[in-house]
Structures are given as C-alpha cells and as structure tokens.
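One structure is given here, and the rest of the page talks about it.
The values are calculated or read from the model by the stated rules, or taken from the named source; none is laboratory data. A quick note: this is a predicted structure, and the numbers were derived from the prediction, not measured. Here the Cβ positions follow ideal geometry from the backbone for every residue, glycine too, while neighbour counts run over all protein chains shown. We work out accessible area using only protein heavy atoms, side chains counted, and drop any ligands, DNA or RNA first. Shrake-Rupley method; radii C 1.70, N 1.55, O 1.52, S 1.80 Å.
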Amino acid sequence: MSQWSNNNPTRNNQEKWQSYWNLLVSLVSRDIRARYRRTVLGPLWAIIPAILYTVILSFLSGLVGASSEGAPRLAFVMAATIPWTFFQSSVVRIPHGLLANGTIMRKMALPRQIFPLVVILTTTFDFLMSGIVLIVVLQIMQIPITWAWLWLPLLALMAGALAWSVGIGLSAFTIYRRDVLHGIQYIMQVWLFLTPVMYSSQELVDQWPLIHALNPAVGIIDGFRKVLVFGQAPDIGSLLFSALVICLVLAITLPFFHFMSRYFADVL
C-alpha cells in the first residue's frame, strides 16, 4: 500500500501543486515584509504612491479644466488613480520580480509563471491598503456605498489579469534585452495619459475615439470610477472588450513567455 501511494500520480500531482502553493505564499510574504523592513513609515508606503499620484493628477486635471462630471474632483481622480497605480506597478515590477528570483530559478524546476503572480499578489496588498484610504475619502465626501460595489472584485480581477498578461510579455523580452526594462516605465506613462484617469471617459471619446475604442484599460479604469463615485454599473460592452483583449494578449504572451522561460536560468 505504501509503495502504491508513492507511485500514485494523483497524489504526486497534489503534492507538487501544494509545494508550488507553499512557495507562492512564502515569496509573497517575504516580498511584502522586505519592502517595508527598516523603513520609518513602514506599511504606509503601500498607500503613499497612490496618494501622491492622486494629488498630482488632481492638480493637473484642474489646471487643464478637465471635466469631473459633477463629482468632487479629488474623488473623481482618486477612484481611477488607485486601480491604475495597481495596474502600472504590477506591469513595471514583474520583470524586476523575475530578475530578483534568478537564484531560485537556477536551483528549482518550477513554473516560471509563479514569479509574475507573486508580483501581482504583492501589489494587491498595496491596492487593498490604498482602497481603504479611498473608502474613507468617499465617506468624507458623502459618496454612499451602493449595490454597484459588487462589481469591484471583477474589476480588480480584470485589472490584475491585464497587468499579468502584459507583464509576462514584457518580462520575456527584458530577461534578454535589459534596455527594455528602462523603457517600461515610459510606456506606462504614455498609457496613463491615453486612459481616462485624470479626465473623463467622454472627453477621450470626443478627442480620440479610436484610442478609447482600442485601449483595454479604459473599460476597467472607467468601471472603477462609475462604481465608486457614481454608484453605477460599469459599461458592459467596454468590459467585454477588455476581457477579449486580455484573452488575446494571453494567447500571445503566455506561450511566448513559456518558450522563453526555458532559458531564463541560463541568462539570469
């Protein structure tokens, strides 16, 4: 019986996936602790970037006279800035996460997709902390919690999926061409200004309708704003398009990442 158990493929697969899960939890816990160890403000750094981003974009939004659709400008911008910061941080950090775990990849045979997932889960911690601040701000501005908030888990999942699909594609290049690493931040900055974060989605439709139609982040980011600030359901058509783009990007980047990852250990 003991010999049969040891040769049981089902049990071996369960043990293998359990070890992957334990590694995932360990790496996420390690990264979160490492980021705030020996810092004066500690976990407050999880919310400071989103708050600074909100202040800067709110100022720029008011400076250019962008419409806030009748909502308080701070809440209008913040409801989009926090999910955007989660998305942007995830994409930018995924290549760094792979580079930082080169030693593990050289020593262990495991799915390389774990390391981008570690980054997504780590930035999710920052996202949740920033979300608490956002809820407080919305309550101070007397913006009520509505049934539309039930859409938030789906929107967060889509933001994470889009970040993961884009991040693994970029990281597959980055491992071999490190100059791509320096360009990712600039790519995301351009993407920010092509997404309705500091201005309304309608203004993007009026000025650049093609960009509005093709940008997969529009439906997700605008969905957060509709749900949080206006208590409305997100635009279903935009979300379906975003979901379609995520699937298409994954269909390209996931096989590419899988192919390239076979040689990661040789170059890291």
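A few remarks follow.
- Taking all protein chains as they are arranged and a probe of 1.4 Å, the heavy atoms of Leu128 leave approximately 100 Å² accessible to solvent.
- A cut-off under 13 angstrom between Cβ atoms defines the neighbours of Gln202, and their net charge, with Lys, Arg +1 and Asp, Glu -1, is -3.
- At a probe radius of 1.4 angstrom, the accessible area of the range 132-186 per residue rounds to 54 square angstrom.
- Heavy-atom accessible surface of the range 115-268: percent carbon and sulfur, 1.4 Å: 75
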